1. Among the residues of the stretch 9-30, how many are more than 14 Å from Gly69 (Cβ to Cβ) and either touching a strand residue (DSSP E or B) at 6+ places or on another chain (Cβ under 6 Å) or not in a helix (DSSP H, G or I) (or both)?
2. Anything in the stretch 43-67 that is free of Cβ contacts under 8 Å to residues at least 12 places away in the same chain and of a type outside the set (D, E, K, R)? List them, or say none.
3. Could you list, in sequence order, the residues of the stretch 18-61 that are β-branched (Val, Ile, Thr) and under 20 Å from Met72 (Cα atoms)?
4. Quick one: would you say Val64 is in contact with a helix residue (DSSP H, G or I) (Cβ under 8 Å, 6 or more places away or on another chain) and modelled with pLDDT of 70 or more?
Amino acid sequence: MVQLYKSYLFKDKDPVVDLLRTIVKETGMTYQEIADASGVSSKTIMNWFYGDVKRPQHATVMAVVRAMGYDMRMTKVVAKRKIHLVK
């Protein structure tokens, strides 16, 4: 049987934080500009990068991503290998 986990404990931060950091750098937008465009406070955004927040909420991440002119979509999951179950 394949055991599925309900959660994953990140050692540092959710990988989406690194993705957001890259997008912020690419756009050149300030945290305040992103906050004004997204409705997510600049303090929240800064806490993702420099604070104790390890896993930002999906809704706030999406608001920030869209405010910077991007979109994130998970349209399908593709198996890369077959899993052999041991009985």
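1. Counting residues in the stretch 9-30 that are more than 14 Å from Gly69 (Cβ to Cβ) and either touching a strand residue (DSSP E or B) at 6+ places or on another chain (Cβ under 6 Å) or not in a helix (DSSP H, G or I) (or both) gives 7.
2. Correct list: Asn47, Tyr50, Gly51, Gln57, His58, Ala59, Met62.
3. Thr22, Ile23, Val24, Thr27, Ile34, Val40, Thr44, Ile45, Thr60, Val61 - these are the residues of the stretch 18-61 that are β-branched (Val, Ile, Thr) and under 20 Å from Met72 (Cα atoms).
4. For Val64, the condition - in contact with a helix residue (DSSP H, G or I) (Cβ under 8 Å, 6 or more places away or on another chain) and modelled with pLDDT of 70 or more - is met.
The values are calculated or read from the model by the stated rules, or taken from the named source; none is laboratory data. Computed from a prediction, not measured in an experiment: that's the story for all the values here. Because the Cβ atoms are built from the backbone with ideal geometry, glycine has one as well, and the counts that use them run over all protein chains shown.
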